[in-house]
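One structure is given here, and the rest of the page talks about it.
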Amino acid sequence: MEVAALSPTSRPLPLLSTAPTHRLHLLPHRFVSGRRLRLSSRHEGFDCVRDGWGQRHSARKNGFLVTCSSSASVEPAATQEMGAVVPGEWSGDAIRQRFLEFYAARGHKILPSSSLVPSDPTVLLTIAGMLQFKPIFLGKEPRRVPCATTSQKCVRTNDIENVGRTARHQTFFEMLGNFSFGDYFKKEATTWAWELATKEYGLPTERLWISVFEDDDEAFNIWHNEVGIPKERIKRMGAEDNFWTSGATGPCGPCSEMYYDFYPERGSSDADLGDDSRFIEFYNLVFMQYNKKDDGSLEPLKQKNIDTGMGLERMARILQKVPNNYETDLIFPIIEKAASLALVSYAKADDAMKTNLKIIGDHMRAVVYLISDGVLPSNIGRGYVVRRLIRRVVRTGRLVGIRGDGHENPEGAFLPSLAEVVINLSTQIDPDVESRRKSIIAELQREELRFVQTLGRGEKLLDELLDEALLSAGNNGNKPSLSGKDVFLLYDTYGFPVEITAEIAGERGVTVDMKGFEIEMENQRKQSQAAHNVVKLSVGNETEIVKSIPDTEFLGYDSLSATAVVKGLLVNGNPVNEVSEGSEVEILLDRTPFYAESGGQVGDNGFLYVNGGEDRKQTAVIEINDVQKSIGNIFVHKGMIRQGSVEVGKEIDASVDAKLRQGAKAHHTATHLLQSALKSVIGSETSQAGSLVAFDRLRFDFNFHRPLSEEELIKIESLVNQWIGNASHLETKVMALQDAKNAGAIAMFGEKYGEEVRVVEVPGVSLELCGGTHVSNTAEIRGFKIISEQGIASGIRRIEAVAGDAFVDYVCARDNYMRRLCSSLKVKAEDVNGRVDTILEELRATRNEVSSLRSKIAVLKAGSLASKATTVEPQNVRIVVENLGDVDADALKSAAEYLIGTLQDPAAVILGSSPGDGKVSLVAAFSPAVVKMGLQAGKLVGGIAKLCGGGGGGKPNFAQAGGRKPENLPDALEKARAEIVAAVSSSSS
């Protein structure tokens, strides 16, 4: 249905057209509409129907409902008589679409979901629908539309322990939202929310409750007088529940929330909206009307905004009439797949099994969408969130009984099978997920198989911890127990389920300190909440400056010099009118040829010259060493006043350092060529994960699971240089964002794009969205050389390279090094490798000879130690504990092996040495009879190594360790002697 643009403050009017416009819709027939279809007929072999939208005809064929709508004389949806919602007719996709269409019909621009990786540095992940509009709410960016509506992908992990255990907690969810940027306010937001809930979704009015901020009489009166909600179903609540703040200061305002009542028969007396068993909050309306100042006082905002959020999964639970969010069509297919892999029935499962299956279903959605948005598993930041969720799915899968891939391969991975289901459900949420199917599944498989190995190490650690607990309890006469810290270590680092830890410990007669474990969990939870669940906003001097200074006009694509006017000066972040010689300053101009750092490209360097009088004599010189983009699109020129003084309002001549700019241009275009070469050589699924374009080098991070081979690097280099040699002219054009995407343009990682974008094309090679500066012809790059390729995180590789003048400098420097090397080795360049190989072989032989001699010397020293062995009664255990001085680790090992072979069983040998460079070496060797007494060389040597600032371990009969505190070696050896004597004496008693 075509709908005219409407004023958001008025009800929609019928659209009249002389020529009907038709559109075809393909949706599964049972989910097309939330209302009953009332008219039907037979036409051309199809079952045809007409619904309450006006002239809309539908035909069912091949399991789909094909609908054709006409815009001629359409009666608006909002004024139609609504049929009752038929249970099962609402899919998650239908709910989402109805929400967006409802607000689009009221003048809202439908905008796409932003990435789960926010451009906002104050948050780790996108946690709210309003995040992409934060700069507009702050007044830092102008609004592009008066109001908007979105379905935003979100991830929150602050209350992850509630996932699966409550009916509504999730890590990944969709937030449906409508937003007003100074356009409409409380009355429209409130009445539309009611209309959407009751007429569009058909929710029974008697089941809806409202909460308002305790002092918000305006909202209370709108709900009661305008909408008609009985007073007993409107609850006034305090600031903790119904007053939204972004932080200590900044935009804020009262909230009003809509709740659905599952048990209206319980009446309104003493009803508690916080009772999750009865109520669910599904729509939150934030009336952003105040600015909270430093002293805590509230002042009215000049522009009042609306920020709302409706949980899609919650609304699906209500309309689909299921007991929790997990059993909606948005998640349940994943749960069903997990149950089938575990060979269990969800319907017949107990509560514990259902909880675990819900965790799997929820977390799989989160990891698939995060990986699709470029977040790969790692041990830091966002990557750690993904890794933690994946590990939780894997260990939970093992807990419910999934083995291997869940089919015939016990060594396989089961996450790919679950990911396939998530990807199949993703079409209406994020169509880009499908195109990344192959890379998502490959990444999940790698991470799962890697983690299964980690689980194996966790099992080994658990065995060691249980042995230590039993030994310690035996020595102290206490009941053996596993500490909460150890249980948490197994859980958090090795992904070991607490339930399995407790079960295995119980079999060995060891209790588990669950209270200590919960304390550790709570500490982590608090850190997570503090780090990941706050959207910070602020209104201060920065915003006031923006209001008085227009966006900077960038002239640098066409010119390296320009005349401009100083619009603002900042010293230490504070605005001033004049700055004198010797001061560091930040200068805001009305126009500039200087490029401000963005898209990975560094900001330009150069000079600003202040000219005075009619003769325009130079009165001041400012050296610019960096340019950054501030709030909005204002360029901040950072530098030092080398001569004279500058004041606001003065006219200046701006001049960019042409040589440095050329270096940046060459490296930026080379980066585009490098990305194309990577896709050509290692696969199109690889994507950019970060970049740096500097004057003297480039750095390119990309997603890939292994190091590149020497052959691949040579091929990549060759391709780039071939394209440089083609002398292709670059083409740049500005076009609509969607047109650019349709043309196949690649977006640069981390960049935020408006509705119009700049597209840079190297014909036949590269097409990318990019606002950076580039050469006009690839021949200007001159040459390209890869300096290094390395891994910087799990699944992330980095290439560093040079181009342009930096390429020439690099090649010349390497040629000079080679000349000197040839001179030193007295060989030609082509013979250097062979000569170096010969030298290395001679060096290895010499080292082996030295090592052999050291071992012989150590054995000779050890021979004299056998006579120094002490005997511990009554089992006559012979013990040698000695410091062998500067003997290296290999020689120390040889000495210990000689001694344990020379001494009669039972015997125990502990040797230490300080081979130099602040190192400590330790070795322990026990004879079979000593091992049978319960002593373990690995545990003993690992414990004493800690005194020397190190660690180590090994087998019960032989182990090695090292450290970095040689000054502690005597004390460590003395402790070893005491522990052996005590252990031997204890075993004999």
Checklist outcome for this item: At the level of C-alpha centres, the distance separating segment 118-152 and segment 216-231, in angstrom, is 29
Checklist outcome for this item: Calc'd 3J(HN,Hα), segment 461-468, phi into Karplus 6.51 cos²θ - 1.76 cosθ + 1.60 (θ = phi - 60°), Hz, glycine/Pro = x, comes to 5, 4, 4, 5, 5, 5, 4, 5
Checklist entry - Just how much of PHE695 is accessible, in Å², when a 1.4 Å probe is used and the result is rounded to the nearest 10? => result 50
Checklist outcome for this item: Ranking LYS515, LYS186, LYS567 from most to least accessible area with a 1.4 Å probe gives LYS515, LYS567, LYS186
Item to check | FRET efficiency, LYS826 to ALA779 (Cβ-Cβ, R0 35 Å, nearest 0.05) | outcome: 0.30
Checklist entry - Ignoring any ligand, DNA or RNA, what whole percent of the accessible area of the chain comes from carbon and sulfur when the probe is 1.4 angstrom? => result 48
Checklist entry - What ranking of GLU459, GLU443 comes out by heavy-atom accessible area, probe 1.4 Å, highest first? => result GLU459, GLU443
Checklist entry - Which value, in Å² rounded to 10, gives the accessible area of HIS169 with a 1.4 Å probe and all protein chains present? => result 30
Checklist outcome for this item: Helix-only [θ] at 222 nm, the chain, -39500 (n - 2.57) per DSSP H run of 4+, per residue, nearest 500, equals -11500 deg cm²/dmol
Checklist entry - For segment 692-824, what is the accessible area per residue in Å², given a 1.4 Å probe and the full set of protein chains? => result 50
Checklist outcome for this item: So the FRET efficiency between THR871 and ASP463, C-beta based with R0 = 30 Å and rounded to 0.05, is 0.35
Item to check | Given charges at beta-carbon only (K, R positive; D, E negative), |dipole| of segment 710-804 in Debye | outcome: 120
Checklist outcome for this item: Whole-Å distance linking the alpha carbon centroid of segment 184-213 with that of segment 927-989 is 72
Next on the checklist: Let me see the P(r) profile for segment 431-514: every Cα-Cα distance counted, bins of 10 Å, each bin given as a percent of all pairs.
Outcome noted: 17, 38, 20, 13, 8, 3, 0
Next on the checklist: Just want the answer: with Cβ charges of +1 for Lys and Arg and -1 for Asp and Glu, which residue in MET640, SER559, GLY202 is farthest toward the dipole's positive end in the chain?
Outcome noted: GLY202
Checklist outcome for this item: Subtracting the Cα-Cα distance of GLU232 and ALA349 from 0.36 nm times their residue separation yields 38.1 nm
Checklist entry - Accessible surface of THR308 in the full protein assembly, 1.4 angstrom probe, to the nearest 10 Å²? => result 10
Item to check | DSSP beta bridges in segment 166-312 [antiparallel fraction, %, rounded to 5] | outcome: 90
Next on the checklist: Which order do you get for TYR810, TYR595, TYR609 if you rank them by accessible area with a 1.4 Å probe, largest at the top?
Outcome noted: TYR609, TYR810, TYR595
Checklist entry - Given a 1.4 Å probe, how much area per residue of segment 102-179 is accessible, in Å²? => result 30
Next on the checklist: For a test of the definition: using alpha carbon positions, the gyration tensor, and the 1.5 limit on a/c, classify the chain as rounded, prolate or oblate.
Outcome noted: oblate
Next on the checklist: Taking 27 Å as the cut-off for C-alpha to C-alpha distance, list the pairs among LYS153/LYS438; LYS337/LYS741; LYS153/LYS337 that go past it.
Outcome noted: LYS337/LYS741
Next on the checklist: If I take every Cα pair under 8 Å that is 6 or more residues apart in the chain, average their sequence separation and divide by the length, what percent do I get for the relative contact order?
Outcome noted: 6
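What's the FRET efficiency of GLU979 with LYS485 using the Cβ-Cβ distance as r and R₀ = 22 Å, to the nearest 0.05? Before the final figure, lay out each step's value.
On the way: r = 23 Å, r/R0 = 1.04.
Efficiency computed from Cβ-Cβ geometry: 0.45.
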Checklist entry - Quick one: length gained pulling GLU712 to GLN904 fully straight, 0.36 nm per residue minus the C-alpha distance? => result 63.3 nm
Item to check | Only Lys, Arg (+1) and Asp, Glu (-1) charged, at Cβ; the chain dipole about Cα centre in debye | outcome: 1620
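Counting DSSP beta bridges in the chain, what percent are antiparallel, to the nearest 5?
Numbers: 155 of 175 bridges.
Around 90 percent of the beta bridges assigned by DSSP in the chain are antiparallel ones.
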Checklist outcome for this item: For the chain, the longest principal axis of the Cα atoms and the Cα long axis of helix 710-725 enclose an angle in degrees, to the nearest 10, of 40
Checklist entry - Can you give the net charge of the other residues whose Cβ lies under 12 Å from the Cβ of ALA740, counting K and R as +1 and D and E as -1? => result -2
Checklist entry - Using a basic spin-label model with each label point 7 Å from the Cα along Cα→Cβ, how many nm lie between GLN628 and THR454? => result 3.4
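The values are calculated or read from the model by the stated rules, or taken from the named source; none is laboratory data. None of the values given here were measured: they were computed from a predicted structure. For neighbour counting, all protein chains shown are included, and Cβ atoms are generated from backbone atoms with ideal geometry for every residue, glycine included. Side chains are part of the model used for accessible areas, which takes the heavy atoms of the whole protein and leaves out ligands, DNA and RNA. Shrake-Rupley method; radii C 1.70, N 1.55, O 1.52, S 1.80 Å.
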